[in-house]
Amino acid sequence: MKSFRKELWFDTTRRRQLINITPDVSKALAESGIQEGLLLCNAMHITASVFINDDESGLHNDYEQWLEKLAPEKPHSQYQHNGFEDNADAHLKRTIMGREVVVAVTGGKLDFGPWEQIFYGEFDGKRRKRVLVKIIGE
Ligand code: ZN
């Protein structure tokens, strides 16, 4: 069995941002040379997510509204976590949007359902953060 590991780095311009990382993940899969197996992709930070959904701007705005209703960023004082930090909302948003995805690799390609794309969800950005891609198979 082969295994392959790669880190993808992101430095968002905004505090919250969704980035379609499917091209980066597909590139990592191509570099791995693995044809049949499993690909894990996870955020390596507790204030960012990796998830799969549609690349549709209306939906992305809906995520922003929904997450702000569930865990509003402000006022920062509403959260016990915000003593020396101001990112309690980002921890909560990350929890609900998830840490990782696993995608089947078939014939050297990501074996997606219709419209599935992989996203990096940043909830406490404006600094360099990374995503792990780990692939195992043959
Ligand atoms: Zn924190």
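General observations
- Residue within segment 113-128 that is over 22 Å from residue 53 (Cα atoms), open to solvent by 60 Å² or more (accessible area, probe 1.4 Å) and among the hydrophobic types (A, V, I, L, M, F, W, C) present: no
- Of all residues in segment 92-103, those being more than 15 Å from residue 24 (Cβ to Cβ) and open to solvent by less than 40 Å² (accessible area, probe 1.4 Å) number 4.
- Residue match in segment 53-73 (condition: within 30 Å of residue 2 (Cα to Cα), surrounded by 13 or more Cβ atoms within 10 Å (Cβ to Cβ), at pLDDT 95 or above and not aromatic (Phe, Trp, Tyr)): yes
- When each of 6, 69 is tested for being touching a helix residue (DSSP H, G or I) at 6+ places or on another chain (Cβ under 7 Å) and either touching a residue at least 40 places away in the same chain (Cβ under 8 Å) or more than 22 Å from residue 113 (Cα to Cα) (or both), the lone residue that passes is 6.
- Members of segment 71-91 that are within 21 Å of residue 120 (Cα to Cα) and more than 9 Å from the ligand (Cβ to nearest atom): 71, 72, 73, 89
- Residue list for segment 21-50, restricted to those being closer than 23 Å to residue 95 by Cβ, open to solvent by less than 40 Å² (accessible area, probe 1.4 Å) and either assigned to a strand (DSSP E or B) or modelled with pLDDT under 95 (or both): 39, 41, 42, 43, 48, 49, 50
- Cβ-Cβ distances below 6 Å connect the following pairs, each with a first residue in segment 76-87 that is in contact (Cβ under 8 Å) with a residue 24 or more places away in the chain, a second residue that is of a type in the set (Val, Ile, Thr) and within 9 Å of the ligand (Cβ to nearest atom), and a separation of six or more residues or different chains: 87/47.
- From the list 130, 94, 99, the one residue that fits, being away from the ligand (no atom under 16 Å from the Cβ), closer than 30 Å to residue 3 by Cα and modelled with pLDDT of 95 or more, is 130.
- Among the residues of segment 7-38, those that are among the β-branched types (Val, Ile, Thr) and more than 16 Å from residue 100 (Cβ to Cβ) comprise 12, 13, 34.
- In the set (1) of a type in the set (A, V, I, L, M, F, W, C); (2) in contact with a Lys or Arg (Cβ under 7 Å, 6 or more places away or on another chain); (3) free of Cβ contacts under 8 Å to residues at least 12 places away in the same chain, the condition left unmet by residue 44 is number (3).
The values are calculated or read from the model by the stated rules, or taken from the named source; none is laboratory data. Note that this is a predicted model, so its numbers are computed, not measured. With ideal geometry, Cβ positions are generated from the backbone for all residues, glycine too; neighbour counts draw on all protein chains shown. In case anyone asks, the SASA skips ligands and DNA or RNA and just uses the protein heavy atoms, side chains included. Shrake-Rupley method; radii C 1.70, N 1.55, O 1.52, S 1.80 Å.
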